Amino acid sequence: MSRHDEILAKPRPDPDDLAVLLGADAPAEQASLLAAAYAVKVRQVGPVVYFRGLFELSNRCTKDCLYCGIRRSNLNLERYTIPVDEILAGARWAYEQGYGSVVLQSGERNDPAFVDLITELVTKIRALSRDQLVITLSLGEQSEDTYRTWFRAGAERYLLRIETSDPDLYRRLHPADHSWERRRDCLRLLHHIGYQLGSGVMIGLPGQRVEQLANDILFFEQEQVVMIGMGPFIPHADTPLRDSIRNFAWKRHAQLALALRMIAVTRLYLQDVNIAAATALQTLAPDGREQGIAAGANVIMPNLTEPKYRSSYRLYDGKPCLDESATQCRGCLEARIASMGETIGFGQRGDSQRFLRRSFADAAGGVICQRS
Ligand code: 5AD
Ligand code: FES
């Protein structure tokens, strides 16, 4: 038996196995890896895909990440913030459609007006859905006070990608005033406050090696990450990293294949986390997100941002569905998911099983301690 097949025959790969699986790009090995990961997905979280309605509420950003299309130095786009009423109308629509959760994402801002805006949105979305819609925030690095204010207002989940678990690679992708350590500390804070913690990385970054991707997966485990959102790096023409991958057009297939292996290996190693099939997968193939589900992901984030704002929220080039409305997006996605034999978890919260099991274990531990 080859090393690859031996690893796949184990109940769960060992830490040393991860890079081997990530590096195995021969078609037969890729196929057996993805099939093994899909089987684990079905066993651990069921043949169900959860939808999260995504609102890209503002592209104003105080940061300047070298890869990102909405970085503050990019003057080549109009900046917007969606009015509160429009977001609330979108959230009401999502609730009526049976979405379990909405995600509020934006560029990073820390000013009091922004903190208040989010607090207001969280409070009002909870009210209009009678506390049924789970709110996920994806709003970057904030102070402990701010994270606590939003948690008290009713936000339950937070996504903050570490981008890469390798501090040196992180430094090469960010200006000097950005800090890997600060971001890691934010993740710890979010977990400590009680959020369901989401993080993720970009896959196929310039100079990134499979050993670093393997460490990313170990990082998720160490830092108690229970929701994972990761996608392929795609160069954006208005950023300093525009030419960082030579002949990117030729490498799209390899980039997609690596991203799918990363999803699969993460599923095999972490087993019961939620994993999102990122929109960036769809940039590399029209059915990229479905391929993500077939590789072990169980969450899709349909974009519910009004089409008029979408072209200004281009984090990377070739972002799909720029002119489709939410209803159109829903129709095409649902049919494709159903054709894979999966159902969509409408009307369900779709909590990360890993989060629930850990909370349950903590609670049980608490009871035992009290009794003894
Ligand atoms: N390619 C792929 N993903 C990107 N992101 C930002 N820029 C790019 C890019 N060029 C991702 C980052 C960020 C998330 C919101 O979008 O990982 O955390
Ligand atoms: Fe906005 Fe990175 S450019 S957070």
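Annotations for the structure displayed:
- Residue check, residue 38 hydroxyl-bearing (Ser, Thr, Tyr) and either within 16 Å of ligand 2 (Cβ to nearest atom) or in contact with a strand residue (DSSP E or B) (Cβ under 9 Å, 6 or more places away or on another chain) (or both): no
- Verdict on residue 194 being surrounded by fewer than 15 Cβ atoms within 10 Å (Cβ to Cβ) and at pLDDT below 95: no
- Restricted to segment 145-177, and to residues there that are in a loop (DSSP other than H, G, I, E, B) and among the aliphatic types (A, V, I, L, M), the residue that is most open to solvent (accessible area, probe 1.4 Å) is 176.
- Residue satisfying condition, being away from ligand 2 (no atom under 16 Å from the Cβ), open to solvent by less than 10 Å² (accessible area, probe 1.4 Å) and under 22 Å from the mean Cα position of the chain (by Cα), within set 118, 135: 135
- When the criteria are applied in full, residue 79 fails the requirement of being open to solvent by 40 Å² or more (accessible area, probe 1.4 Å) and more than 15 Å from ligand 2 (Cβ to nearest atom).
- Residue check for residue 108: acidic (Asp, Glu) and under 23 Å from the mean Cα position of the chain (by Cα): yes
- Tabulated pairs, segment 223-244, first closer than 16 Å to residue 165 by Cβ and among the polar types (S, T, N, Q), second open to solvent by less than 20 Å² (accessible area, probe 1.4 Å) and away from ligand 1 (no atom under 11 Å from the Cβ), C-beta under 9 angstrom, 6+ apart or interchain: 224/187; 224/197
- Conditions (1) within 16 Å of ligand 2 (Cβ to nearest atom); (2) closer than 21 Å to residue 91 by Cα; number of the one not met by residue 334: (1)
- Considering segment 228-246, the residues that are open to solvent by 20 Å² or more (accessible area, probe 1.4 Å) and closer than 27 Å to residue 104 by Cβ include one that is nearest to ligand 1 (Cβ to nearest atom), namely 241.
- Restricting segment 100-115 to residues that are open to solvent by less than 10 Å² (accessible area, probe 1.4 Å) and within 12 Å of ligand 1 (Cβ to nearest atom) leaves a set whose member that is nearest to residue 69 (Cα to Cα) is 107.
The values are calculated or read from the model by the stated rules, or taken from the named source; none is laboratory data. Keep in mind that what you see is a predicted model, and the values were worked out from it rather than measured. Methodologically, a virtual Cβ is constructed for each residue, glycine included, from the backbone with ideal geometry; neighbour enumeration extends over all protein chains shown. Just so you know, the surface numbers come from the protein's heavy atoms only, side chains and all, with ligands and any DNA or RNA stripped out. Shrake-Rupley method; radii C 1.70, N 1.55, O 1.52, S 1.80 Å.
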